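Enquirer: Please read through the structure below; I'll follow up with questions.
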Amino acid sequence: MTRKIESGRRIVIKIGSALLADQEHGTVHRKWLDALAEDVAACRERGQEVLLVSSGAIAIGRRRLGLPHGVLKLDDNQAAAAAGMVRLAHAYEEVLGAFDIAVGQVLLTLDDTENRRRYINARNTLEALLKLGAVPLINENDTVATDEIRFGDNDRLAARVAAMTSADTLVLLSDIDGLYTADPRTDADAVIIPEVTEITPEIEAMAGAAPIGDSKGGMVTKLAAAKVCLANGCRMVIMDGNEPYPLKRLQDGATATWFLPSATPKTARKRWIAGTLSAAGSVLLDAGAEKALKTGKSLLPAGVVAIEGDFQRGDAVAVKSTDGRELGRGLIAYGAEDARRIMGYKTSEIEGRLGYRGRDVMIHRDDLVLD
Ligand code: GLU
């Protein structure tokens, strides 16, 4: 993968609180956001998909509600997030609306990205929004997330979103222009590292502690995000977002640190499905379906002759031939009970059999790895 932002197909942009929130009035920096919307529109013109992970709800909401400076109590923090998110979403809807781009708000908790069943739901919603031409606006669901179940910072949330949606690029817009060999605020010899391909202990040692103020991250959470990205075949870039038009600047070769993975999101995901998941059951196919899978098709309910085991939607299952030969692994779109009800039936009959309209396929080809 290269350092060219133009080569990204699906780009996640993470916007830090300090860039967006006016410290005094609890309003949104509108000019900055207008310019970002222009950047996003330019990406979409080029045929790139964009997802936004935006911080700022708490920073904006606490001032809107007149809460004091300093660390807030959990319930005040949650109230601030609730009030601030409305302002934030409104601002994004306005600036992107000017380019006729719809915005879909998605608030996630840690569980939505780690628990596989919740994960598949969040992933499908994000895919649907993208397919419909909208820009998902994502933040942590701070109003329900208590400290024990929080990400707490949007750097890692953005990396999980990138992994979940098989994005190939994550841009972290920060108040620092990249990873330095030491803290540039205290060490005059610190120099920026333009490219990282592996998070070594030396790289980790370069990250200082988290900053104070509205930003929750710091280099530590950014490196944690980079690890998730590299493992998922997604490149990540850290840059200073303070000046307007950050993506345009990136295109023009702005100073930044790029983290470049060796694999693509697709191969990384397939590796994950093949290697790290234990099968919760099996799906047996007829000869026609076996042949179709080998030509790169998805598995339809019509080609399934038997279901073994008890599993839930989103679980990994073994895919087998009628005589029990293991052909590969996949993430199944239906739980065992529903899968039994629709096996052997045409896709058009799914709704009638189940009483709801689920996915058209039993296992999507992107969720399938053949041996
Ligand atoms: N979710 C928090 C908010 O919207 C921000 C967390 C962060 O700054 O990383 O205020």
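Enquirer: So if R0 is 35 Å, what FRET efficiency would Phe99 and Leu72 give, r being the distance between their Cβ atoms, rounded to the nearest 0.05?
Expert: Given R0 = 35 Å and the Cβ-Cβ separation, E is 0.50.
Enquirer: Figure the gain on full extension for Asp22 and Arg9 (residue separation times 0.36 nm, minus the Cα-Cα span) and round it to one decimal in nm.
Expert: Between Asp22 and Arg9, full extension yields an extra 1.5 nm.
Enquirer: In the structure shown, do any of Lys31/Lys227; Lys291/Lys346; Lys227/Lys248; Lys222/Lys266; Lys4/Lys297; Lys248/Lys270 have a Cα-Cα gap over 28 Å, and if so which?
Expert: Pairs exceeding 28 Å: Lys31/Lys227; Lys4/Lys297; Lys248/Lys270.
Enquirer: Here is a further query. In deg cm²/dmol and to the nearest 500, what is the mean residue ellipticity at 222 nm of the chain if only DSSP H runs of at least 4 residues count, each as -39500 (n - 2.57), divided by the residue total?
Expert: -11000 deg cm²/dmol
Enquirer: Which percent, nearest 5, of DSSP beta bridges in the chain are antiparallel?
Expert: 40 percent
Enquirer: For segment 155-295, which whole-number percentage of the solvent-accessible area (1.4 Å probe, protein heavy atoms only) is attributable to carbon and sulfur atoms?
Expert: Of all accessible area on segment 155-295, carbon and sulfur atoms account for 54 percent.
Enquirer: Another question, then. With springs only between Cα atoms under 10 Å, which of Val12, Val135, Val305 fluctuates most in a Gaussian network model of the chain?
Expert: Highest fluctuation among the options: Val305.
Enquirer: Only bridges whose two residues both fall in segment 230-348 count here: according to DSSP, what percent of them are antiparallel, nearest 5?
Expert: The antiparallel proportion sits near 75 percent.
Enquirer: May I pose another question? Tell me, what is the percent relative contact order of segment 132-289, built from C-alpha pairs under 8 Å that lie six or more residues apart?
Expert: About 27 percent, as a whole number.
Enquirer: Just to be sure I understand the model, the point goes 7 Å from the Cα along the line to the Cβ. What's the resulting Ser262 to Thr197 distance in nm?
Expert: Output for this residue pair reads 0.8 nm.
Enquirer: Here is a follow-up. Would you work out what percent of the accessible area of segment 1-131, with all protein chains in place, is carbon or sulfur (probe 1.4 Å)?
Expert: 50 percent
Enquirer: What value does segment 179-315 have for Rg/Rh, both radii from Cα atoms and Rh as Kirkwood defines it?
Expert: Using only Cα positions, Rg/Rh for segment 179-315 is 1.18.
Enquirer: Per 0.36 nm of contour for each residue apart, how much would the distance between Asp183 and Asp323 grow if the chain were fully extended, relative to their Cα-Cα spacing?
Expert: Result: 44.2 nm gained on full extension.
Enquirer: Roughly how many Å² is the accessible area per residue of the chain, as a whole number, for a 1.4 Å probe?
Expert: It amounts to 46 Å² per residue over the chain.
Enquirer: Further, regarding this structure: Would you kindly give the portion of the calculated P(r) for the chain that falls above 40 Å, as a percent of all Cα pairs?
Expert: The share of Cα pairs beyond 40 Å in the chain comes to 20 percent.
Enquirer: Treating the beta-carbon of each Lys and Arg as +1 and of each Asp and Glu as -1, no other charges, what is the dipole magnitude of segment 209-357 about its Cα centre, to the nearest 20 debye?
Expert: With only Lys, Arg, Asp and Glu charged at Cβ, the dipole is about 360 debye.
Enquirer: Can you tell me the mean projection area, over all orientations, of the convex hull of segment 99-241's alpha carbons? Units nm², please.
Expert: Computing the convex hull of the Cα atoms and averaging its projections yields 9.9 nm².
The values are calculated or read from the model by the stated rules, or taken from the named source; none is laboratory data. Everything numeric in this text was worked out from a predicted model, so none of it was measured. Heads up, the Cβs are rebuilt from the backbone with ideal geometry, glycines too, and the neighbour counts pull from every protein chain shown. Protein only, heavy atoms only, side chains kept; ligands, DNA and RNA dropped before computing areas. Shrake-Rupley method; radii C 1.70, N 1.55, O 1.52, S 1.80 Å.
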